[in-house]
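Right, one structure below, let's go through it.
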Amino acid sequence: MTVVSTIPTEESETETFRTHIVERLQQKELDLPLLPVVANQVLLLSGDPNADSSKLSALIQQDQALAGQILRIANSAACAPRSPIVSLQQAIAWLGMNMLASLAFSVSVQSGVFKVKGYEKEVRTLWHQALATGLYGKEIARRNRHNVENAFLCGILHTIGKPLLIHLILQARGDSPAQPSWAVMDTLIQESHILAGTKLAEAWQLPQPVQEAIRFYPDEAYHQANSPTKGAMITCLADHLATSIVDPSSLDEEALRALPVVQDLNFYPEDMDALLELKDSIQQSVEAFLV
Amino acid sequence: MTPTTSYDLVVIGSGPAGQKAAIQGAKAGKRVALIEQTREVGGACVYHGTIPSKTLRETALKMVHFLHATDVFDFRMRDDLKIASLMTRLDTVVRAHGKFMKEQITRNGIDRFHGRAQFLSDREIQVRGLGGNTTTLTAPVSVIATGSRPRVPDHIPIDHEHILDSDSILSLVYFPKSLTVLGGGVIASEYASIFSLLGVQVTMVDTADRPLKFLDPELTDQFCRAFEKTGGHYRGQQKVQHAQWDGFSKVTTLLESGETLESEKMLVALGRVANIEHLNIQAAGLTPTPRGLISVNDQCQTTVPHIYAVGDVIGPPSLASCSMEQGRRAVCHALGLNPGDAPEHIPMGIFTIPEMSSVGLSEQEAIEKYGGDALVGRAHFHEIARGQISGMTNGLLKMVADAKGGKLLGVHIVGEGATELIHIGQMGLLHHIDIDRFVDNIFNFPTLAEAYRIAALDIAKQRKK
Ligand SMILES: Cc1cc2nc3c(=O)[nH]c(=O)nc-3n(C[C@H](O)[C@H](O)[C@H](O)COP(=O)(O)OP(=O)(O)OC[C@H]3O[C@@H](n4cnc5c(N)ncnc54)[C@H](O)[C@@H]3O)c2cc1C
């Protein structure tokens, strides 16, 4: 009898996942679970009638999966908003604390939680990157006195395709005990996260400027965006600044200042000085998230 | 070493004031450089002021008329169309206007420099580009037209997210349920009435007992009634102690009276400050006034005679209309050209809902200036056929004449079309037309211009026999 090895090579494994991803992205129903720690906090806060409403609001605004799901449900026929909900703040003001708490609760129950075991560090970095992009997006928009709320939403959701891909890969793995390496995951994420994010945003009918930021935030693409809110361009710079926080070996200050998007946003050296000065405070906010 | 280029005229700022100054220089055959720190030309007027606020107003009015028409015709407008169409139209109009202005500058052979200007001396101006690269321009004459921006009061933490100013209000992507507007001036009143019409619960808060204090009280009374009819509230004689975002869903405003107001968003419109911080005007031998403005004489010359300043940077009236004329006249003066007679009667147009406009003396000013009584003639729009036909019955035209009822001294109008209608009065004032000329002449019928005749007749009736 010949023994056939069942240990897949990295390449064939990647290919299998790739096929699964492509198949899943073609389906209309896309779901995205929450991080276990986010789901826990939601359950805690939404179950406590004395909970501080600003804590729930902060939680919703810090987690991309939760933020996206809240927007999706807030816009659904079940909630029947008078006009579309295009910002998290609007959702919060429109729905009120009680409704929000029950929405958050049902999201965390229905979506389930990520099984991130083995990838904790990498997953945390992804979440931190998204949050830092949202926070930098806000500050960039604030300097322009334009579009702060929208810039934050674009920033936090611009890489929503990344957790979706992790989820799809983990789903494809099923109950197999073998863990795909992070290198495999990362290859697939880099390859397809924009497509995955775009599909998710379409399926969830996220606001138009957010859909645009997801598709067009990279350096070579933001010129294609035409929303007056400039969300893609703002997110492009915010993403670079956020990367410099989560991965200090990426771009140094000089390289950040030389990015074409800086000039396209009409930022002078003093504008960049002001943004770079925010590094510590943004880093603190990011690190304080879900410790 | 930075490159140096010499010009006959350097203009700093491409808003209405700078643009007209530069064009006047070019038309006179001079080599002109125009420095602008933003990518686009047109200034606050195009991107944050006149053009966007008026576009928003027009679109809001059209939308409301359209919504009212749904009572008559059988259709429904999608709710989400409102803000999306408002914003798209705003962007289209602003872009088109910006493009037009750029073309006008190019057509006139003006050299455009994209960068921030600062004086190195009274005849040298450095332009610092986005990348920090510099170019020095020299010119025997320069014009400062750097405009203004919203004032940030110390006690109100404007974050452009929950607490907005008149720039950031234009980037709202949805209508808040409620809005507190701080201020009772032109910008505050315009935005308050637009948002109120669009169904936002608006509360204006100001220290004055009525908004737009400089206008005739009969006009502002009518404005307040219309504002209240759309659900708005004016809270006069109130000082704000502080305002803050509660971290969840509302902005709370504490008044000195101890009362607290709550709203989803706040608009702060408490005046404007001149843009002089990057200019290094001291190097040119200039000092700002205590209010941070550049002071000028009647010809818009600063204390350094070959440096002129025009537009919002010199303070009131801070209108695009006046800024343009100041720009043109300043350059005519600098080049020894005849600028024509100085404008005597500048109309004031306020694009609230309803519009208000004023030219010449108010009733009170007429009494103070000429002593005795002034005669006032009134025409209510509901008395005019056109007012009835168009459903514009809430309007008033008020004519102020001397005590004999012969000489026209001022015209004040509230109601849709007021900012256009005022120009008949302006021409009347400029050409010293008697009150009777408005009675004897024929205007198109049915038009709102008939109000002039009715008001003039009202004055004629009051003359002492
Ligand atoms: C909400 C709102 C509504 C308004 N409505 C009306 C209205 O209905 N009718 C009316 O007549 N007026 C209106 N105004 C006023 C009108 O917009 C201003 O009076 C007008 O824009 C002033 O023109 P300006 O050329 O002086 O300055 P701005 O239009 O402010 O332009 C100045 C330019 O200078 C540039 N600049 C500044 N510093 C530098 C520097 N160091 N180097 C290079 N460039 C520099 C700026 O970027 C800007 O482009 C309104 C204003 C606002 C805010």
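Report the residue count in region A:220-238 for those that are touching a helix residue (DSSP H, G or I) at 6+ places or on another chain (Cβ under 6 Å) and not β-branched (Val, Ile, Thr).
Total meeting the criteria: 11.
Please work out if A:Asp252 is in contact (Cβ under 8 Å) with a residue 24 or more places away in the chain and over 28 Å from A:Arg24 (Cβ atoms).
So A:Asp252 fails the test.
Here is a list: B:Ser171, B:Ser166, B:Ser142, B:Ser193. Which entry is buried (at least 19 other Cβ atoms within 10 Å of the Cβ), touching a Ser or Thr at 6+ places or on another chain (Cβ under 9 Å), away from chain A (no Cβ under 14 Å) and hydroxyl-bearing (Ser, Thr, Tyr)?
B:Ser193
So that you can scan it fast, the table gives a plain yes or no per residue for (1) closer than 23 Å to B:Tyr47 by Cα; (2) within 13 Å of the ligand (Cβ to nearest atom):
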site	(1), (2)
B:Pro140	no, no
B:Arg151	yes, yes
B:Ile158	yes, no
B:His162	yes, no
B:Asp165	yes, yes
B:Ser168	yes, yes
B:Tyr174	yes, no
B:Val200	no, no
B:Thr203	no, no
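List the helices (runs of 4 or more DSSP H) that sit entirely inside region A:19-95 and contain at least 1 residues that are surrounded by 15 or more Cβ atoms within 10 Å (Cβ to Cβ) and either free of Cβ contacts under 8 Å to residues at least 12 places away in the same chain or touching a His at 6+ places or on another chain (Cβ under 6 Å) (or both).
In region A:19-95, A:53-62 are the helices (runs of 4 or more DSSP H) which contain 1 or more residues that are surrounded by 15 or more Cβ atoms within 10 Å (Cβ to Cβ) and either free of Cβ contacts under 8 Å to residues at least 12 places away in the same chain or touching a His at 6+ places or on another chain (Cβ under 6 Å) (or both).
Quick one: which of B:Thr59, B:Thr50 is modelled with pLDDT of 85 or more, among the β-branched types (Val, Ile, Thr) and under 30 Å from A:Ile85 (Cα atoms)?
Matching residue, one of B:Thr59, B:Thr50: B:Thr50.
Would you mind telling me which numbered condition in (1) more than 12 Å from chain A (Cβ to nearest Cβ); (2) of a type in the set (Lys, Arg); (3) within 12 Å of the ligand (Cβ to nearest atom) B:Arg128 fails?
For B:Arg128, the failing item is (1).
Looking only at region B:177-187, decide whether some residue is part of a helix (DSSP H, G or I) and either small (Gly, Ala, Ser) or more than 19 Å from B:Glu262 (Cα to Cα) (or both).
Looking for residues that are part of a helix (DSSP H, G or I) and either small (Gly, Ala, Ser) or more than 19 Å from B:Glu262 (Cα to Cα) (or both), one finds at least one in region B:177-187, hence yes.
If the Cβ limit is 7 Å and pairs must be 6+ apart or interchain, which residue in region A:185-203 that is farther than 16 Å from A:Thr19 by Cβ pairs with which residue that is surrounded by fewer than 16 Cβ atoms within 10 Å (Cβ to Cβ)?
Pairs found: A:Ala203/A:Lys28.
Matching residues to (1) of a type in the set (Val, Ile, Thr); (2) outside any strand (DSSP E or B):
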site: B:Ile389; (1), (2): yes, yes
site: B:Leu409; (1), (2): no, no
site: B:His412; (1), (2): no, no
site: B:Met427; (1), (2): no, yes
site: B:Arg437; (1), (2): no, yes
site: B:Thr447; (1), (2): yes, yes
site: B:Lys461; (1), (2): no, yes
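What are the residues in region B:251-294 that are more than 15 Å from the ligand (Cβ to nearest atom), assigned to a loop (DSSP other than H, G, I, E, B) and away from chain A (no Cβ under 14 Å), if any?
B:Glu256, B:Ser257, B:Gly258, B:Glu259, B:Gly285, B:Thr287, B:Thr289, B:Pro290, B:Arg291
Of all residues in region B:145-163, which are more than 7 Å from chain A (Cβ to nearest Cβ) and either hydrophobic (A, V, I, L, M, F, W, C) or without any contact (Cβ under 8 Å) to a residue 60 or more places away in the chain (or both)?
Within region B:145-163, B:Ala145, B:Val152, B:Asp154, B:Ile156, B:Ile158, B:Ile163 qualify.
The values are calculated or read from the model by the stated rules, or taken from the named source; none is laboratory data. Since this is a predicted model, take the numbers as computed values, not measurements. Cβ: placed from backbone, ideal geometry, glycine included. Neighbour counts: every protein chain shown.
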